[in-house]
Amino acid sequence: MRYSVVIEEDKLDGGYIAYVPNLRGCYTQADTLDELKKNIIEAIELSEEDDSYSNPIFGIWELEVNKNAATTSY
């Protein structure tokens, strides 16, 4: 099965964080991208064992928030 994986740089502790938005609770972290890839594959395999954790993605928004404005545009 194919999954979208979000990868973020961990600016506080260093390294990287990855998670799969449509697999609830499926996330990991690592110091290198190679290690992160291995870790997220393992996390996906563990999440796939329990179908109750599947959470289909409804949509993705890209928001621009202006702290000084009364409304938010999207």
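The values are calculated or read from the model by the stated rules, or taken from the named source; none is laboratory data. Owing to the predicted nature of the structure, the values given are computational and were not obtained by experimental measurement. Note: ideal-geometry Cβ built from the backbone for every residue, glycine included; neighbour counts use all protein chains shown.
Among the residues of the range 48-63, those identified as outside any loop (DSSP other than H, G, I, E, B) and either touching a Gly at 6+ places or on another chain (Cβ under 7 Å) or at pLDDT below 75 (or both) are ASP51, SER52, TYR53, SER54. Across the range 1-39, the qualifying residues are those that are among the small types (Gly, Ala, Ser) and assigned to a loop (DSSP other than H, G, I, E, B), and the one among them that is surrounded by the most Cβ atoms within 10 Å (Cβ to Cβ) is GLY15.
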